[in-house]
Amino acid sequence: MSMKGIYLKEFNHTSWDSFSEGFEELGQKLDPAWVERARLQGIPADISRVLLCEMGEYVFEWIAKDIPALGDQSPAVYLETEEGAKALRAAIMRMPR
């Protein structure tokens, strides 16, 4: 099974909602230019809020890199489909903090 398949299988929408809500307050303080840039790059708002809070502007480099934990695919490739976006959400929740 691919890494995307593994993450998709473990994705739980309720868990993601709870996780991403933890970034609501901090997300309100994000640079609006970053938020707009993420929107223009097709990064869903919930994902961009979490990633921008954790990575800052570096997210724009990270999103295009092949990531070993994503099966040597880029997060941008995951975002090409709704299933991939769900898998990316699960992977983000597993990232060390």
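The values are calculated or read from the model by the stated rules, or taken from the named source; none is laboratory data. If you're wondering where the values come from, they're calculated on a predicted model, not measured in any experiment. Cβ coordinates were reconstructed from backbone atoms using ideal geometry, including for glycine residues, and neighbour counts include every protein chain displayed.
Values computed for the structure shown
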| item | result |
| --- | --- |
| Matching option when the condition is among the acidic types (Asp, Glu) and within 17 Å of PRO96 (Cα to Cα), among GLU54, GLU36 | GLU54 |
| Residue check for ARG49: under 16 Å from SER20 (Cα atoms) and touching a His at 6+ places or on another chain (Cβ under 9 Å) | no |
| Condition met for ARG39 (among the basic types (Lys, Arg), within 11 Å of the chain's Cα centre (by Cα) and at pLDDT 95 or above) | no |
| Checklist (1) within 18 Å of LYS9 (Cα to Cα); (2) at pLDDT below 95 applied to ALA87, failing item | (2) |
